[in-house]
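Take a look at the structure set out below.
The values are calculated or read from the model by the stated rules, or taken from the named source; none is laboratory data. None of these values were measured; they are calculated from a predicted model. Cβ atoms come from the backbone with ideal geometry, glycine included; neighbour counts cover every protein chain shown. Protein only, heavy atoms only, side chains kept; ligands, DNA and RNA dropped before computing areas. Shrake-Rupley method; radii C 1.70, N 1.55, O 1.52, S 1.80 Å.
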Amino acid sequence: MGDSTTVGKSNPSDHPMVVAICAFRVENVRKNLRHNLAQLSGDEYFVLLDKPMSAEAEQVADEVRAAGGTMHILGATGGISASRNRVFARWPGHHVLFVDDDVRLDAAAVTAIRESLRGGAHMAGVRLRRPAWPLPWYLTSGQFHLVGWHRDRGEIKIWGACMAVDTAFAHAHGLRFDLALSRTGGNLQSGEDTTFISLMREAGGRERLLPDCSVVHDVDQNRLRLSYLLRRAYWQGRTEAGRNQVRAGFRKEWDRHRTAPESPFVWPLACLYGAVTAAGIAHELLLRLRRRPARVYSQQQQGRPRRWA
């Protein structure tokens, strides 16, 4: 890696695009390595493993290097936002395509993203397609966003599982991923990706959506369980409250859940998921109220003159 000051001032189009796999599951890195590398064309392949050191992780790192990529093991778990911010620090003047470890890339999609960035876009995204699995009755297109899938047709948004960013633009405007919205440990916090994209947009960044291009988001099938989906809906509520958009956030979620024309259970499911989302919002607001007196007391204590013995 060269001098970051020099790199930051250069044109990102002068460098290969960096495909950065922010990974948590070592087995996914290994499973998708050969396929994903075959979809690239002159791009740099970098894996950042957000896990402690292990024999398996070191073995996979050797496999990544042997295949022509680079892998760095963080040695501890810090969360997806921290991983992405590390990639920003490493490549401050590049075009970076952030990819989750369970995404299977497509050559046409990668090419379209690369060309969009070199054509002047500061952020770009493609459709996140679901694998060809039969779905349980309680998982309709209204809940696809809880799993990380776009609907099969229609508009898309840029989501973190496959999200390209001009890091020079982000650095120039002091933008980073919010650690408070990052998924770590057992929580299912989310929203760091869409919040970051909103900040890029507010700073004047040009967005390019590529709904006719797609990659497969090959998520763990345990995410299809009702218990997981309800946990995600609950944490989505906490996320919306954490982003100070309670009304707009709940309305967005409700609209998603109630618009699944392929399902006869759309209204019962909308009520179920909506109620769980509302519970998450209420819980987050309650936690804020409980924390507020403690903050006020701390500020009052800091403002008092000290008495020395």
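Filter region 18-48 down to the residues that are open to solvent by less than 70 Å² (accessible area, probe 1.4 Å), aliphatic (A, V, I, L, M) and either farther than 17 Å from Gly160 by Cβ or part of a helix (DSSP H, G or I) (or both) and list them by number. Across region 18-48, the qualifying residues are Val26, Val29, Leu33, Leu37, Leu40. Answer yes or no as to whether Leu175 is modelled with pLDDT under 95 and part of a loop (DSSP other than H, G, I, E, B). So Leu175 fails the test.
Does region 293-305 contain at least one residue that is among the charged types (D, E, K, R) and modelled with pLDDT of 90 or more? No, region 293-305 contains no residue that is among the charged types (D, E, K, R) and modelled with pLDDT of 90 or more.
When Arg151 is tested against the conditions (1) touching a residue at least 24 places away in the same chain (Cβ under 8 Å); (2) out of contact with any Leu (no Cβ under 6 Å at 6 or more places or on another chain); (3) open to solvent by 10 Å² or more (accessible area, probe 1.4 Å); (4) part of a loop (DSSP other than H, G, I, E, B), the lone failure is (1). For Gly186, the requirement of being at pLDDT below 95, assigned to a loop (DSSP other than H, G, I, E, B) and surrounded by fewer than 21 Cβ atoms within 10 Å (Cβ to Cβ) is met.
For the structure I just gave you, tell me whether Ser54 is crowded, with 21+ Cβ neighbours inside 10 Å, farther than 22 Å from Glu202 by Cα and among the polar types (S, T, N, Q). No; evaluated as a whole, the condition is false for this residue. With respect to the stated conditions, Pro92 fails to be of a type outside the set (Val, Ile, Thr) and open to solvent by 40 Å² or more (accessible area, probe 1.4 Å).
Scanning region 260-277 for residues that are surrounded by 14 or more Cβ atoms within 10 Å (Cβ to Cβ) and outside any helix (DSSP H, G or I) returns Ala260, Ser263. Checking the condition in contact with a strand residue (DSSP E or B) (Cβ under 9 Å, 6 or more places away or on another chain) and small (Gly, Ala, Ser), which residue from Gly142, Gly79, Gly120, Gly191 passes? The conditions single out Gly120. Report whether or not Pro134 is open to solvent by 20 Å² or more (accessible area, probe 1.4 Å) and at negative phi. Here the answer is yes, as Pro134 does meet what is asked. Scan region 108-124 and give yes if some residue there is closer than 27 Å to Ala180 by Cβ and either among the acidic types (Asp, Glu) or open to solvent by 30 Å² or more (accessible area, probe 1.4 Å) (or both), otherwise no. No, region 108-124 contains no residue that is closer than 27 Å to Ala180 by Cβ and either among the acidic types (Asp, Glu) or open to solvent by 30 Å² or more (accessible area, probe 1.4 Å) (or both). Identification of strands (runs of 3 or more DSSP E) wholly contained in region 61-148 with 3 or more residues that are of a type in the set (A, V, I, L, M) yields 95-100, 123-129.
Counting just the residues of region 57-76 that are of a type in the set (Gly, Ala, Ser) and open to solvent by 50 Å² or more (accessible area, probe 1.4 Å), which one comes out modelled with the lowest pLDDT? Result: Ala76.
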